Amino acid sequence: MEKYKILVKGIVQYEDKYLIVQKWYDDRIGNPFQWEFIDGKIDFGEIPDKAVIRHIYEQTGLSVQIGKILYTWSFMVGDVCNIGISYLCISGSDVVVLSEALNDYKWVSKHDFNNYIENKAILEDIERAEL
């Protein structure tokens, strides 16, 4: 059984807006659809930079370039440690084609993150990263 899972998160920027997507989390919670950034697991042997570009393309149809690493994070699920790398990714287009795994998307200013993203840890990480 895996003891570590490595994840990537892509915070996609187009001009002065950032892409947030609405994901389904769990119908046992009050709000099963939540706003977040694009993320996903790194495949075995995959380079993290390539993984974030792949996840963004697969989930939104956007081709992006990596700007920089913004922050890292970790959390436990049972006895598995999830470790993540968050990237600022730059898009040359705002035309999004969502995968079936996502419910909706919005381009928002960084000042609007608090109006959509409920996960306080993500908001704190973004604040520390000085996006």
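The values are calculated or read from the model by the stated rules, or taken from the named source; none is laboratory data. These numbers come from a predicted model, not from an experiment. Methodologically, a virtual Cβ is constructed for each residue, glycine included, from the backbone with ideal geometry; neighbour enumeration extends over all protein chains shown. Heads up: the accessible areas ignore ligands, DNA and RNA and are worked out on the full protein's heavy atoms, side chains in. Shrake-Rupley method; radii C 1.70, N 1.55, O 1.52, S 1.80 Å.
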Given (1) of a type in the set (A, V, I, L, M, F, W, C); (2) touching a strand residue (DSSP E or B) at 6+ places or on another chain (Cβ under 8 Å); (3) without any contact (Cβ under 8 Å) to a residue 12 or more places away in the chain, index of the condition Ile85 fails: (3)
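Report whether or not Arg54 is of a type in the set (Lys, Arg), modelled with pLDDT of 95 or more and not in a strand (DSSP E or B).
So Arg54 passes the test.
Could you run through region 104-121 and say how many residues are within 13 Å of Tyr18 (Cβ to Cβ) and not β-branched (Val, Ile, Thr)? I'd like the intermediate steps shown before the answer.
Of all residues in region 104-121, those within 13 Å of Tyr18 (Cβ to Cβ) come to 105-117.
Imposing the further condition that a residue be not β-branched (Val, Ile, Thr) reduces the set to 105-107, 109-116.
Summing the residues that are within 13 Å of Tyr18 (Cβ to Cβ) and not β-branched (Val, Ile, Thr) in region 104-121 gives 11.
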Sole exception among (1) surrounded by fewer than 11 Cβ atoms within 10 Å (Cβ to Cβ); (2) in contact with a Ser or Thr (Cβ under 9 Å, 6 or more places away or on another chain); (3) modelled with pLDDT under 95 for Asp79, by number: (2)
Region 94-113: number of residues that are assigned to a helix (DSSP H, G or I) and either under 19 Å from Tyr25 (Cβ atoms) or in contact (Cβ under 8 Å) with a residue 24 or more places away in the chain (or both): 2
Among (1) closer than 23 Å to Lys110 by Cα; (2) touching a Cys at 6+ places or on another chain (Cβ under 7 Å); (3) at pLDDT below 95 - the single one Gly10 does not satisfy: (3)
Residue match in region 57-68 (condition: out of contact with any Cys (no Cβ under 6 Å at 6 or more places or on another chain), part of a loop (DSSP other than H, G, I, E, B), of a type outside the set (A, V, I, L, M) and open to solvent by 80 Å² or more (accessible area, probe 1.4 Å)): yes
Unique residue being in contact with a Leu (Cβ under 8 Å, 6 or more places away or on another chain) and modelled with pLDDT under 95 when the list is Leu131, Leu123, Leu62, Leu70: Leu131
